[in-house]
Amino acid sequence: MTAYHKNMNTYYDNATTSYPKPAAMREALAHFYDEPVGSYGRSHDRATLRVVAEIEELRDVVASLLGVAEPSHICFCDNATTGLNAILRGVLQEGDTVLVSPMEHNAVMRPLHFLSETRGVRVEVMPALPDGRVDTQRLAAAIPTACALAVVNLQSNVNGIIQPIAEISRILKQRGVRILADATQCLGSMRLQTDAWNIDYLAFTGHKGLLGPSGTGGFYMRRPLDVSPLTLGGNGLHSSLLSMGTEMPERFMAGTANVLGLTALLAAVRHLPSYRLSHDEWQDYLLRMRELSGLRVYSSSDGTAQGFLCSLTHERLSPAELSDALYHGHGIITRAGLHCAPLAHETIGTAATGTTRISLSPYHTAKDLDHLLEALRDVVRR
């Protein structure tokens with residue numbers, strides 16, 4: 001195991017950002033400026049054209065991972081939060097009503113709160129099962145009249161539940177509702193079917209499941225002309241005009257792109273690894289965690305709808321105390337708190353305390369999970 005990977009079996013905070021990063025990504029970052037490179041779409045020297053070609057290759061790779069037919073409708077930006085803001089603020093109009101899933105992150109809820117104050121946007125929450133999945137049996141009756149948009153967090157960053165998006169979409173589309181999907185936690189660990197699911201908009205990040213650097217991400221739009229650009233400025237096209245134009249993806253790419261980060265992201269996603277743990281093995285470890293004294297595990301009640309993360313609370317230790325004990329006693333890194341998702345915690349009943357979150361990397365093995373279980377066992381029996 002290299003120096004970069006020596007702490008892999010003690011790092012369980014991949015829902016915040018992934019570790020370890022691929023060697024190819026580190027190499028791309030280290031040597032990016034060995035040659036002078038201009039800005040995306042601005043220069044025609046050999047080095048800049050190579051970078052532009054790599055970013056277009058990244059767009060094609062991401063399109064395949066998302067399951068969309070039109071790569072040019074994918075726009076890169078700083079992160080999923082920027083992408084979600086671009087869609088929400090570019091689509092919603094005065095007095096619109098938005099329906100959100102029960103497990104939304106503040107990257108959705110805070111922009112919607114702002115839009116409620118500035119544009120009178122109304123927000124309603126989809127009915128939930130106890131684990132936070134949308135209750136599709138009650139969903140049709142809960143769709144507001146003239147609903148402008150529905151937002152669905154495909155995989156929760158709190159307890160790892162995966163929403164039944166195909167069924168949710170089927171019900172929403174019967175009423176003509178547009179859908180925005182947040183793929184922050186699941187892109188890279190599951191192949192998406194954005195077109196087949198009839199999703200209109202989707203936001204993603206590069207530094208989690210795609211194993212890329214921070215400051216990378218993007219968003220997809222089925223019909224880009226329905227969205228007003230969030231950021232205006234130079235994009236290398238029609239510089240004598242004051243309009244952003246309609247060409248894609250330039251319509252949404254004002255300013256200098258993060259060419260360093262995007263080429264490093266391409267290096268990461270060219271050969272994404274499969275998870276070493278199977279979903280069945282992960283379910284077995286969740287069951288074993290539940291057997292530990294005083295520990296409660298928050299995950300999906302349906303094992304087939306569970307990503308590679310979960311949350312914990314303890315009857316005696318607060319989430320912060322549990323997380324600190326794991327770190328100071330065993331060097332294990334987790335995350336404690338509300339995970340920027342208070343609506344999700346309200347849904348599963350942990351809003352008062354938050355949780356300790358365990359989130360896996362594709363590189364984790366059964367041996368690593370055995371080490372985690374032993375550390376949890378030691379902490380809870382003290």
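Could you please let me know if His345 is in contact with a helix residue (DSSP H, G or I) (Cβ under 9 Å, 6 or more places away or on another chain), within 25 Å of Met126 (Cα to Cα) and at pLDDT 95 or above? No, not satisfied. Among the residues of region 350-382, those identified as under 25 Å from the mean Cα position of the chain (by Cα), open to solvent by 10 Å² or more (accessible area, probe 1.4 Å) and within 15 Å of Ser318 (Cα to Cα) are Ala351, Ala352, Thr353. Could you count how many residues in region 252-265 are surrounded by fewer than 21 Cβ atoms within 10 Å (Cβ to Cβ), modelled with pLDDT under 90 and of a type outside the set (Val, Ile, Thr)? Number satisfying all stated conditions: 2. When region 178-212 is filtered for residues that are among the β-branched types (Val, Ile, Thr) and surrounded by fewer than 21 Cβ atoms within 10 Å (Cβ to Cβ), nothing remains. For region 201-239, the set of residues classified as β-branched (Val, Ile, Thr), at pLDDT 95 or above and either assigned to a strand (DSSP E or B) or out of contact with any Leu (no Cβ under 9 Å at 6 or more places or on another chain) (or both) consists of Thr205 only.
Annotation note: of Glu117, Glu94, Glu167, Glu124, the sole residue that is free of Cβ contacts under 8 Å to residues at least 12 places away in the same chain, among the charged types (D, E, K, R), open to solvent by 60 Å² or more (accessible area, probe 1.4 Å) and on the phi < 0 side of the Ramachandran plot is Glu117.
When you look at Thr353, is it part of a loop (DSSP other than H, G, I, E, B), touching a helix residue (DSSP H, G or I) at 6+ places or on another chain (Cβ under 7 Å) and in contact (Cβ under 8 Å) with a residue 24 or more places away in the chain, yes or no?
Details: part of a loop (DSSP other than H, G, I, E, B): yes; touching a helix residue (DSSP H, G or I) at 6+ places or on another chain (Cβ under 7 Å): yes; in contact (Cβ under 8 Å) with a residue 24 or more places away in the chain: yes.
When the stated conditions are applied, Thr353 passes them.
In this structure, Met221 does not qualify as in contact with a His (Cβ under 7 Å, 6 or more places away or on another chain), more than 30 Å from Phe308 (Cβ to Cβ), touching a residue at least 40 places away in the same chain (Cβ under 8 Å) and not hydroxyl-bearing (Ser, Thr, Tyr). Annotation: Ser64 fulfils all but one of (1) surrounded by 16 or more Cβ atoms within 10 Å (Cβ to Cβ); (2) assigned to a helix (DSSP H, G or I); (3) within 21 Å of the chain's Cα centre (by Cα); the unmet one is (1). Beta carbons closer than 7 Å, at least 6 apart along the sequence or on distinct chains, pair a first residue in region 285-296 that is open to solvent by less than 80 Å² (accessible area, probe 1.4 Å) with a second that is among the hydroxyl-bearing types (Ser, Thr, Tyr) for Leu286/Ser299. Of all residues in region 16-42, those satisfying the criterion of being modelled with pLDDT of 80 or more, in contact with a helix residue (DSSP H, G or I) (Cβ under 6 Å, 6 or more places away or on another chain) and either among the acidic types (Asp, Glu) or open to solvent by less than 60 Å² (accessible area, probe 1.4 Å) (or both) are Pro20, Pro22, Ala24, Met25, Ala28, Phe32, Glu35, Val37.
One residue alone among Thr263, Thr313 is among the β-branched types (Val, Ile, Thr), part of a helix (DSSP H, G or I) and on the phi < 0 side of the Ramachandran plot, and that residue is Thr263.
The values are calculated or read from the model by the stated rules, or taken from the named source; none is laboratory data. Keep in mind that what you see is a predicted model, and the values were worked out from it rather than measured. Note that each Cβ is placed from the backbone with ideal geometry, even for glycine, and that neighbours are counted across all protein chains shown. Note: areas computed on protein heavy atoms with side chains; ligands, DNA, RNA excluded. Shrake-Rupley method; radii C 1.70, N 1.55, O 1.52, S 1.80 Å.
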